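What follows is one structure encoded as structure tokens, with my remarks underneath.
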Amino acid sequence: MHAIILILIVFLPLFAAIVAGLGGRVIGRVPAKVVTTGALFLSCALSWPIFVRFLTGSAQPAVVPVLDWIHSGDMAVDWALRVDTLTAVMLVVVTTVSSLVHLYSWGYMEEDPSQPRFFAYLSLFTFAMLMLVTADSLVQMFFGWEGVGLASYLLIGFWYYKPSANAAALKAFVVNRVGDFGFSLGIFGTFLVFGTVSIPAILAAAPAMAGSTLHFAGMTGSTMTVLCLLLFVGAMGKSAQIGLHTWLPDAMEGPTPVSALIHAATMVTAGVFMVCRLSPMFVTSETAMTVVTYVGAATCIFAATIGCVQNDIKRVIAYSTCSQLGYMFFAAGTGAFGAAMFHLFTHAFFKALLFLGAGSVIHAMHHEQDMRYYGALRKDIPITFWTMIAGTLAITGVGIAGVFGFAGFYSKDSILEAAFANGSVHGGIAWFLGSLAALLTSFYSWRLIFLTFFGPARWAASEHIQHALQGEHHDDPSAEHGDSAHDAHAVPATGSGGYHPHESPPTMLVPLILLAVGAVFAGIGFGRFFVSPEGAGAFWRGSLAFNEELAHAAHHVPWLVSLTPTIVMLIGLALAHRNYIRVPDAPAAFVATFPGLHRFLTHKWYFDEIYAILFVRPAFRIGRFFWHRGDERTIDRFGPHGAATLVGFGNRVTARFQSGYVTNYALVMLLGLIGAASWALWWAR
Amino acid sequence: MSGVPVLSFLIAIPLLAGMAALFVGAHAARWVALVATLVDLALGILLWRAYVPGGPQWQFVEHVAIGGPLGWSLGIDGIALMLIMLSVFLMPICIGASWRAIETRVPEYMAAFLLMEALMLGVFAAQDLLLFYIFFEGGLIPMYLIIGIWGGPERIKASYKFFLYTLAGSVLMLIAMLVMIGQTGTTSIPVLMVANFTPSLQAWLWLAFFASFAVKLPMWPVHTWLPDAHVQAPTAGSVILAGVLLKLGGYGFIRFSLPMFPEASAQFLPLVFTLSGIAVVYTSLVALVQRDMKKLVAYSSVAHMAFVTFGLFAFNRQGIEGAMLVMLSHGLVSGALFLCVGVIYDRLHTREIARYGGLSNNMPGYALLFMLFTMASVGLPGTSGFVGEFLSLTGTYRASSWGAVVATTGIILGAAYMLYLYWRIAFGTSMHADAAAMPDLDAREWWLLAPIAAVVLWMGVYPESFLHPMRDDVGRLLTRIERAAPPGDARLSTGAPAPALKAQH
């Protein structure tokens, strides 16, 4: 492993970001795009050989030191790049999706006036993500963690003149900071317990700490449980798990390529990566593993239910991402870290594909994002259609065991089988909820396909299409917006309105096709490395806590269990087909029958409303209370003002001040004080 | 450099230049001040290069008896060196910031600033208790003049509050100093730093010093002078107030309270942690609802200074080194944030947040730098804000997990109020035509902000440059106070190592 290659992979994107970001105005739009995209493709080209060498087992884990960072007593943190199997997997995922998204953005952001800024942010994000995955210490991981958070914030708010984008960006940063609160305390605690923040050292020492107890904020708990749960709060924030998920759907305010790269394929999986990276630590606490499982399973089903009622194409995929991240977490929680990483790997391809495909649809439909105004698009944008079909086959897990399956077929099945094979109560519950969520996944994914590409065209009623037809200049991609602009209950009239959608340019289609290849073959091609009981141990080589026993057990679950994902997938497909193709009136009838349930789901389980009541509004109210009642009416009244009044000369002092003798007064006071002091000392002597 | 009284030169240059400035015209006074502060900066850099980390504790020592107990005793350790560097670095920037903003009584203004620089450097270099006191309190006078003469419309009220608060603290500190001199018969700070007072006396002395330092820092609830002083002060006054004057409190704790009264410091630790914890939550929430930019940054300063007190009283290396870095970083970042406020105040003459918006459009360079300083303020890793905050919180956790939990909420609240501010200033669309027509940073403003930005990144990526000179001095402080160090509440009790729950390969 040549150190220089690793340094190039990580720092080329940073270099490109600086050139495009600071020099974009000087060098111009196209050079800025060439530099960033070129740097990313170079990074990607350098990453794949590393991954292949880890696949073939010819590469050794290595750490490349870069620079000293923080040295304070026994706290020693250095900038260093670590590569092992786990990192190699992340390197190819990050650089591949990122370079394709860079390329895609050439077409998608064509009309945008501030493209250098956009590409600089994308490259900056990639740098931070690479720092995260190559971290050798928890602190550098936190650097990457916050760096991707910054890039995410900047990109969600990229169209900074939109209030909704700003609100979403702020929300994303602050909610992530709630997670970072836990992550930070986890790092402090880990340092206290282990005396180091070096990941390999912590992982080596973790088993010996099992059984010890730690006092934390007045409570006493098992050391490893306390630490793992604190760190896991960070993972929940970054990976949008239930409770800290509220920022992810709003993050769809960002341009669609951003949603594909950051909010589907890479950044949001950082939490899963963290749990896998620290898996030898997590397995020492049964409680922590159980919590991870329950949180993952709850997110998986909860997000899927919301995904079923969204009308905005991007929000459907956003909730789908949230749900799929839940799968990865409960896989980790049941001990199947290999399966979690496998799903992370395949998900990166098919979810980036679905987002970019959605972007292509939005591009074709003149920035309309509401699926109710789509329909019949398969003929007009055939490449987008077929690639999105590939993505949908992958996410719903279509395949026949032993013959061929799309990516999700292998990774999702391995998660569900491992959860079942785990044999514990939480494993069983996770298996049940995961299977139910698989049904919903199939339903909302096919619903998206049917509403978008099949049925009659319903374009005429869309404001965006009307704008296009009237020839108004409306090419600004920032016109993306959610379904809030439309009357929620109106049933759009059918008809094309004379509009002709166009297929996207090649810069957008090439990434779609390449990702589609990934979505089709990533599962069958890599399963034996990531999860098979025979090959995975040799592949991971201790970079995560691979449980060979569990992998064997997962291979021998009852046939009905292994068939369940396929059965529920077919049920979901059938339901979607009935509701959106055969009986188009069915959804409305369902809403009429269960209005309460529908309202509950469209309000996203009321999380935002509850948080506003519990946290946001009280924060402002208490702030104002402290300011006026605390500072002004209590401290000032009894402090400086009170003191002046008390000694009786307050009025005279203030009068003196106001008459302009301020400076003299001050001088006299101080000189007098100094004089008094000097005299006192002479006297004391 | 041995033999050359560098520290005296460092103090004398601004002092003499300040006098000279009084006798020349407005424009010449500006140049005199700029040249003098730049020479001091150059001298400071030489000082830093000549300083030997790991060498004797006190370097560049000078002593001239003045008469009576008072002696001209100067000398610095690494901690003082870093704060001197902060002061000499910020001073030319302050002069630059006042270049056009101050048009009345310019020579007097420049003289006040130069006098202030001399006094600040004197505080950090003084080795004599009374000399320290004179510099420490003398620094009030020019600041008081700057607010009282060149301040905003309510400058009288603000300077009155500022004066009353700081004076109250000073009187108590002076009495305590006299008692200490009476007890030990020396005014030498290095000697006093290893003197052992009885615990009961320590408690009283500690409280008297605390009264002064807590006001200077400021700590809750004696912080209310700060927002008013900042709001009324001219931009450069705010920069120096936030950048250097607030650091006097922290320096006082590290130079006096901790080494001189270790037992009392441990005894009052719960008090310090409680006040600091309240400060983080309370002032952060108050910052969230501010409508005046300067007030917002001022309240955020109080919250940041709480990280300093948390770290200092954690009684461990990470805490103390972290506290020092928070002080240095906050000096740069809050100074830069006040400059950022000044940049748009100079254009529109209002600090009301609602009058701005969408500045990313017409002021992209400004938006970029403002974003960097915002991120440094919220402690993003890679900026100076992170390293200090991280170390001081790590130290706090070792002393008290409760303290760490409360202090760490600061990273959530800090992000909320700073990004909310940034949103309202730089994002969105401009509601007002005059705000939308403001030009981007000019060359002078770039020269003020870009150097700070560079140091903020330097300190974030390679803080070793700043930690290295202080390492031995923090070590000496630790050996001095460790006898009193209270046990942390995060007790770790190791049971029998349980067998790993899952098979690992």
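The values are calculated or read from the model by the stated rules, or taken from the named source; none is laboratory data. If you're wondering where the values come from, they're calculated on a predicted model, not measured in any experiment. So basically every Cβ, Gly included, is an ideal-geometry build from the backbone, and we count neighbours across all protein chains shown. Surface accessibility is based on the protein's heavy atoms, side chains included, excluding ligands, DNA and RNA. Shrake-Rupley method; radii C 1.70, N 1.55, O 1.52, S 1.80 Å.
Some points to look at:
- Using the Karplus relation 6.51 cos²θ - 1.76 cosθ + 1.60 with θ = phi - 60°, the per-residue 3J(HN,Hα) values for the range A:410-416 come to 7, 6, 5, 4, 5, 5, 5 Hz, with x marking Gly and Pro.
- Size of charge dipole - chain B - debye, nearest 20, with Cβ of Lys, Arg +1 and Asp, Glu -1, no other charges: 620 debye
- Extreme residue, positive dipole direction of the range B:302-395, given options B:VAL302, B:PRO364, B:PHE390 (C-beta unit charges): B:PRO364
- Solvent exposure ordering (accessible area, 1.4 Å, most first) of B:LYS295, A:LYS351, A:LYS379: A:LYS379, B:LYS295, A:LYS351
- Over the C-alpha trace of the protein assembly as shown, radius of gyration and Dmax come out as 31.8, 104 angstrom.
- Over chain B, dividing the summed -39,500 (n - 2.57) contributions of all DSSP H runs of at least 4 residues by the number of residues returns a 222 nm mean residue ellipticity of -23500 deg cm²/dmol.
- Kirkwood analysis of the Cα pair distances in the range A:404-461 returns a hydrodynamic radius of 13.5 Å.
- Taken residue by residue and averaged, Cβ atoms of other chains lying within 10 Å of the Cβ of B:458-470 number 2.
- In degrees, nearest ten, helix A:85-108 long axis to first principal axis of chain A (Cα): 80 degrees
- Helix A:662-684 axis versus longest C-alpha principal axis of chain A: approximately 70°, rounded to the nearest ten.
- Counting all C-alpha pairs of the range B:268-505, share separated by more than 33 Å (%): 27 percent
- Heavy atoms of chains A and B lose about 8600 Å² of accessible surface on contact, summed over both sides with a 1.4 Å probe.
- Accessible-area order (highest first, 1.4 angstrom probe) of the listed residues B:LEU119, A:LEU8, A:LEU227: A:LEU8, B:LEU119, A:LEU227
- Counting only Cβ charges, +1 for Lys and Arg and -1 for Asp and Glu, the dipole size of chain A around its Cα centre is about 980 debye.
- For A:LEU81, distant residues with modelled amide H under 5 Å away: A:VAL64, A:VAL66
- For B:SER73, nonlocal amide neighbours, meaning residues 5 or more places apart or on other chains whose placed amide H falls under 5 Å from its own, are B:VAL64, B:GLN127, B:ASP128.
- When the C-alpha to C-alpha distance is required to be over 21 Å, the pairs from A:LYS171/A:LYS351; A:LYS314/A:LYS604; A:LYS171/B:LYS295; B:LYS157/B:LYS247; A:LYS33/A:LYS351; A:LYS33/A:LYS314 that qualify are A:LYS171/A:LYS351; A:LYS171/B:LYS295; B:LYS157/B:LYS247; A:LYS33/A:LYS351; A:LYS33/A:LYS314.
- Dividing the convex hull volume of the alpha-carbon atoms in the range B:112-238 by its residue count gives 94 Å³ per residue.
- DSSP H segments from chain B that extend 24 Å or more along their own axis, Cα-based, with Kyte-Doolittle mean of 0.0 or above: B:6-22, B:26-50, B:78-101, B:106-125, B:155-184, B:199-216, B:269-288, B:293-312, B:317-348, B:401-426, B:443-461
- Residues of the range B:176-191 that bury at least 30 Å² of accessible area when the other protein chains are present, relative to the chain alone (probe 1.4 Å, heavy atoms, ligands and nucleic acids excluded): B:LEU178.
- Net charge contributed by nearby residues that have their C-beta within less than 11 Å of B:ILE147 (K/R +1, D/E -1): +1
- Residue-level accessible surface for B:ARG100, protein heavy atoms, 1.4 Å, Å²: 140 Å²
- Along its three principal directions, the equivalent ellipsoid of the range B:64-127 from the Cα gyration tensor extends over semi-axes of 29, 17, 5 Å, largest first.
- Take each residue in B:425-435, count the other chain C-beta atoms within 10 Å of its C-beta, and the mean is 2.
- Shown for the range B:191-254 is the translational diffusion coefficient from the Stokes-Einstein equation, using the Kirkwood radius over Cα pairs, a temperature of 4 °C and a viscosity of 1.567 mPa s: 98 µm²/s.
- Using only Cα coordinates, the Kirkwood hydrodynamic radius of chain B works out to 23.0 Å.
- When the inverse distances between all different Cα atoms of the range B:1-110 are averaged and flipped, the Kirkwood radius reads 15.2 angstrom.
- Volume per residue for chain A equals 229 cubic angstrom (convex hull of Cα atoms).
- Within chain B, longest stretch clear of exposed GluC sites (Glu not before Pro) (DSSP loop, no more than 15 other Cβ within 10 Å): B:155-505
- Average other protein chain Cβ within 10 Å of Cβ, residues B:157-169: 4
- Peptides B:234-247, B:203-216 ordered by average Cβ neighbours within 10 Å, highest first: B:234-247, B:203-216
- Compactness index (Cα Rg / 2.2 N^0.38 Å), the range A:44-134: 1.35
- Size of charge dipole - the protein assembly as shown - debye, nearest 20, with Cβ of Lys, Arg +1 and Asp, Glu -1, no other charges: 1140 debye
- Nearest 10 degrees, 0 to 90: helix A:559-577 Cα axis against chain A principal axis: 90 degrees
- Alpha-carbon centroids, the range A:501-569 and the range A:142-172: separation in whole Å: 31 Å
- Expressed as a whole percent, the accessible surface of the protein assembly as shown that belongs to carbon and sulfur atoms is 68, based on a 1.4 Å probe.
- Rounded accessible area of B:ARG291 (nearest 10 Å², 1.4 Å probe): 140 Å²
- Per residue, the range B:268-505 exposes 29 Å² of solvent-accessible protein surface, assessed with a 1.4 angstrom probe and all protein chains in place.
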